[in-house]
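What follows is one structure encoded as structure tokens, with my remarks underneath.
The values are calculated or read from the model by the stated rules, or taken from the named source; none is laboratory data. Just so we're clear, the structure is a prediction, and the values are computed from it rather than from any experiment. Every residue, glycine among them, receives a Cβ derived from its backbone with ideal geometry; neighbour counts consider all protein chains shown. SASA here: full protein model, heavy atoms, side chains in, ligands and nucleic acids out. Shrake-Rupley method; radii C 1.70, N 1.55, O 1.52, S 1.80 Å.
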Amino acid sequence: MCGLGGIFNREGRRIPGDDIITMARMMRDRYDGRGGGFAGYGIYPKYAEYYALHLFFRDEEAKEATEEFLKDRVAIIKDEEVPMRSIKEIPKENIVWRYFVEVPHRFKSRKDCAALEEDYIIETVFTINDEIDGAFVASSGKNMGVFKATGMPDDVARMYKVEKYKAYCWITHGRFPTNTPGWWGGAHPFNLLDWSVVHNGEISSYGTNRRYLEAHGYKCRLLTDTEVVAYLFDLLVRKQGLSLRTAAIALTPPFWKHIDRMPEPKRSIYTALRMTYAPAMLNGPFAIIVANRDTMVGLNDRIKLRPLIAAKSGEFVYIASEEAAIREIQPELEKLWAPRAGNPVIARLHDDVREEVIH
Amino acid sequence: MVRNFPPDFVVRVDKEACINCLRCVRECPFGVHEYDKEKKKWKRHHEKCVACLRCAYMCPTQAISIERSPMEYSPHPVWTNRVRKDIKTQAETGSVILTAMGNELPYLNYFDHLVLDACQVTNPSIDPLREPMELRTYLGRKPEKVDLDEYDGVELKTKIAPNLKLETPIMFAHMSYGSISIEAQLSMARAAKEVGTYMGTGEGGMHRDLYPYADHIITQVASGRFAVHEEYLKRGAAIEIKIGQGAKPGIGGHLPGTKVTAEISETRMIPEGSDAISPAPHHDIYSIEDLSRLIYALKEATRYKKPVFVKIAAVHNVAPIAVGIIRAGADAVVLDGFRGGTGAAPQVHRDHHGIPIEVAIASVDQRLREEGIRHWGSIIASGGIRSSADVAKAIALGADAVYIGTAALIALGCTVCKKCYTGKCPWGIATQVPELRKRLNPDEGARRAANLLKAWSHELKEILGALGLNSIESLRGNRDRLRGVGLSDVDLEVLGVKPAGR
């Protein structure tokens, strides 16, 4: 059991972290204090063109080793300690540092330089997580950052001063871990490049998904099933170019009995997607919110075994595990609904919010 | 010399119950029961009894029981009774010992040391009676990704290679017409069609009675090339090139001329009464590139409309061989483990060549993934699959689907007496003798074969539900949902499975 929340401003107007903290606090009985976190998009406008790496270091040694490694790989434009309050509720077990970095110019002349750059950053992240003892990359996107730790979400927020950041998209997570130990890196959101994921539930297909991702060069080393969600979105949407709607069909496809009744060419398309992406299908009870720089998506498993509520009010779109979390920050709603199992709710910048009907 | 060779079984007859109807004499194809009408005396040839139990179940007064012979050689752990009997047999005949069905030696059965996970609290189990539960499986090549044109309507730009659509991941293995009767084949063909799966022809061609079920039949091209012609290839749903078989890796096959009846001769396209010899290798395949040529020759002949599978016996180097087969253009590789059955094999090959199917699945699946080509072809596992649990474990290890041979025959009445090679199957399955064939009614056989598939499919759904999954593809290669009990570290590493408790 976990509590999820997301706030998205469709016009890209940035709001401080207070509302998302309130949202998290409203779902107090969904978590037990062994993990809380936030991701904000639009928080670093001054450094928007650089990859913002949020890192956890167990000690100075890990930090030095990481910096030694980073120096050779990327240009560090700026680095600083992430401002933090000392609070008694959460013992500070990590040094938290952020680096604004640029990929060396060697890719610039290439036509596909953006993709190459992103792959390069991913490789950098995987290498740090995998090979440098005591170092962990919490987030690696542009103009965004993840703030997470072992603790209650509002304590985590207080520790990181989340209320001082302004973002047009916020997501949050309060954790009640049942399958892996609580550690700072294991708290949600999980992030890779621009993708951040918060997840309530269990990916029972984890073994299948992980081995599919490993065959595509991803390294699943975080001891948790949630990371595969972030990597699957990265693979399907960023690398293979599927739309978010199509990616949702791949990840939570309709049942065959429904596909069999579809008219052509829809049936062939859905069949092709299910056949091809069978090892990517997410199975088990889950509700997830996925965000990237211009989108927020809410998605349930195919038989909706975990709660997920969506709502809209003017420029704002809200997604949460509980209605109360939304009503508390915005009592006046144009629309509030429970999305159908397997249908993604997609909110985009400068666009409307839609529940895509795939089921 | 005294023939000091105790029988395996003894026939016990309750003389009070026996009514001398001679039914047992007619039922036993091996001549165990003999009645001297003049002297009104019975003689039971215990040494000929194979414990098929046909007479016991056909006796109208249930007067017959078959028991293990109490007479054995003095016990010895190394020179077992079987070893001593084999030596005596060979001393007598100077021949290779022929046998049937699968490996009999007590090698470790990995399936029995693997356990499945189940949901408790944190992930709810799913009730298949209330929620949809999907077993559909596609066999064949899948694209790396799907390209859609989403601007002007939605258009599928990726071409999907031909795949077989299975409604349950269980198929009937290749057992040829010749090795088994047309009634047995018909039973499986009807069941396959009813359940939405497939059966294999084996090397014996496709008898015309099977034509109505041809869209649920996989044709086979083996080293004897019996029956292979354009119409045959086009008629089936897929084509399988048989390189090897788990029960007898590295050797060919031999259907004696006495079994090549008029109908078999017509179906196999060979002269009546001639021996049908399948050479050990295909004499046009001496390398992987030769195999590739045959794969593409078959694809050309069928206009690229049929998937082409390649079946090999699981042997030591199975992973690189299977990878080579997939790279050579096969749409699926069939792995036949060393417990795989056969109608006839030299005992030495059946019991001592090849490796278990579980480790073969694990290593082939892993190697294909390491090379990034797992989606190029499917893995079909066979050889010793006994239950829905074995199916689930094979799929969790990485198989896409399984073939069942022995289990299917048991459903048709087989009692695994291991005398298929004699052609005198008492249950009318592995025989061409008209009187024996009559013992298997294909209507009844089809019902039982279909029931077996339905029962296992039902159990697979229950297994998936307990695992909290609602589709078989989420179990495929999901070794996280398996744990090993009583396996060594090395075994676990090869299987890619954690020990129970971790």
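Some notes on this structure:
- With all protein chains modelled, accessible area of residue A:147 [1.4 Å, Å²]: 0 Å²
- Each other residue within a Cβ distance under 10 Å of residue B:210 adds +1 if Lys or Arg and -1 if Asp or Glu, for a net charge of +2.
- Note, ³J(HN,Hα) from phi for region A:250-256, Karplus 6.51, -1.76, 1.60, rounded to Hz, x at Gly and Pro: 5, 7, 10, x, x, 5, 4
- Amide H contacts of residue B:226 (H built 1.01 Å from N, under 5 Å, at least 5 apart or other chain): none
- Exposure check, 1.4 Å probe, all protein chains in place: residue B:382 carries approximately 10 Å² of accessible surface.
- FRET efficiency, residue B:2 to residue B:327 (Cβ-Cβ, R0 60 Å, nearest 0.05): 0.50
- Neighbourhood charge, 9 Å Cβ-Cβ cut-off, centred on residue B:499 and excluding it, Lys, Arg +1 and Asp, Glu -1: +2
- Estimated FRET transfer efficiency when R0 is 35 angstrom, pair residue A:166-residue A:115 (beta carbons, to 0.05): 0.70
- Within chain B, helix-based [θ] at 222 nm, where runs of 4 or more DSSP H residues each add -39,500 (n - 2.57), nearest 500: -8500 deg cm²/dmol
- Solvent-accessible surface of protein heavy atoms, probed at 1.4 angstrom with all chains present, puts B:66, B:277 in the order B:277, B:66, largest first.
- Heavy-atom accessible surface that B and A bury in contact, both chains counted, 1.4 Å, Å² to 100: 3300 Å²
- Sorting A:257, B:424, A:63, B:159 on solvent-accessible area from highest to lowest, probe radius 1.4 Å, gives B:159, A:257, B:424, A:63.
- Label-to-label distance, residue B:58 versus residue B:130, with points set 7 angstrom from Cα along the beta-carbon direction: 5.2 nm.
- Residue order for B:438, A:239 - accessible surface, 1.4 angstrom probe, largest first: B:438, A:239
- Residue by residue along A:205-217, Cβ atoms of other protein chains within 10 Å of the local Cβ number 6 on average.
- Here the dipole of region B:401-445 is about 240 debye; that uses its Cα centre as origin and unit charges on the Cβ of Lys and Arg (positive) and Asp and Glu (negative).
- Take every Cα pair under 8 Å whose residues are at least 6 apart in sequence, average their separation, divide by the length of chain B, and the relative contact order is 19 percent.
- Calculated mean residue ellipticity at 222 nm for chain A: -7500 deg cm²/dmol, from DSSP H runs with n ≥ 4 weighted as -39500 (n - 2.57), summed, divided by the residue count and rounded to 500.
- With Cα atoms as the point set, the radius of gyration and Dmax of region A:3-355 evaluate to 19.4, 61 Å.
- Percent accessible area from carbon and sulfur atoms, region A:3-355, protein chains only, probe 1.4 Å: 48 percent
- In this simple spin-label model, placing a label point 7 Å from the Cα along the Cα-to-Cβ direction at both residue B:373 and residue A:67 gives a separation of 4.7 nm.
- In sequence order, region B:89-96 has phi-based couplings of 4, 5, 5, 7, 9, x, 10, 5 Hz under the Karplus curve 6.51 cos²θ - 1.76 cosθ + 1.60, θ = phi - 60°, and Gly or Pro positions carry x.
- Surface per residue (accessible, 1.4 Å probe) for region B:9-95, Å²: 69 Å²
- Surface accessible to a 1.4 Å probe, residue B:488 within the full protein complex, Å²: 60 Å²
- Using the 1.4 Å probe convention, the accessible area of region B:369-435 works out to 27 Å² per residue with neighbouring protein chains retained.
- Cα-Cα separations in region B:9-95 greater than 18 Å, expressed as whole percent: 52 percent
- Of all the options A:228, A:74, A:297, the one that moves most in a Gaussian network model of chain A with Cα springs shorter than 10 angstrom is A:74.
- 10 Å Cβ neighbours from other chains, averaged over peptide B:480-487: 2
- Accessible surface of chain B, 1.4 Å probe, proportion on carbon and sulfur as whole %: 53 percent
- Computed lengthening from residue B:71 to residue B:25, 0.36 nm per intervening residue step minus Cα-Cα distance: 14.1 nm
- FRET efficiency for the residue A:123 to residue B:165 pair, using the beta carbon distance and R₀ = 30 Å, is estimated at 0.15.
- Placed amide H near residue B:147: partners under 5 Å, 5+ positions off or other chain: B:157, B:158
- Vicinal HN-Hα couplings computed from phi for region B:460-475 (Karplus, 6.51 cos²θ - 1.76 cosθ + 1.60; Hz; Gly/Pro x): 4, 5, 5, 5, 4, x, 5, 7, x, 10, 10, 8, 5, 5, 7, 9
- Residues of chain A: accessible area per residue with a 1.4 Å probe, Å²: 35 Å²
- Put the Cα centre of region B:323-344 next to the Cα centre of region B:166-243 and the gap is 16 Å.
- A full extension of the chain between residue B:97 and residue B:498 corresponds to an added length of 140.3 nm, given 0.36 nm per residue minus the alpha carbon distance.
- Dipole moment magnitude, nearest 20 debye, region B:315-467 about Cα centre, only Lys, Arg, Asp, Glu C-beta charged: 540 debye
- Summing Cβ point charges (Lys, Arg +1; Asp, Glu -1) relative to the Cα centre of the protein assembly as shown gives a dipole of roughly 2480 debye.
- Tail weight of P(r) past 26 Å, computed on alpha-carbon pairs of region B:366-487, percent: 37 percent
- When the Cα gyration tensor is reduced to axis lengths a ≥ b ≥ c, the ratio a/c is 1.5 or higher for region A:13-102, and with a/b not above b/c it is classed as oblate.
- Separation in nanometres of the label points that stand 7 Å from Cα toward Cβ, at residue A:335 and residue B:290: 6.7 nm
- Proximal charge balance of residue B:458 [Cβ under 14 Å; K/R count +1, D/E count -1]: -3
- Built amide H within the under 5 Å cut-off of residue B:252, gap 5+: B:280
- Averaged over B:136-147, number of beta-carbon atoms from partner chains that fall within 10 Å: 5
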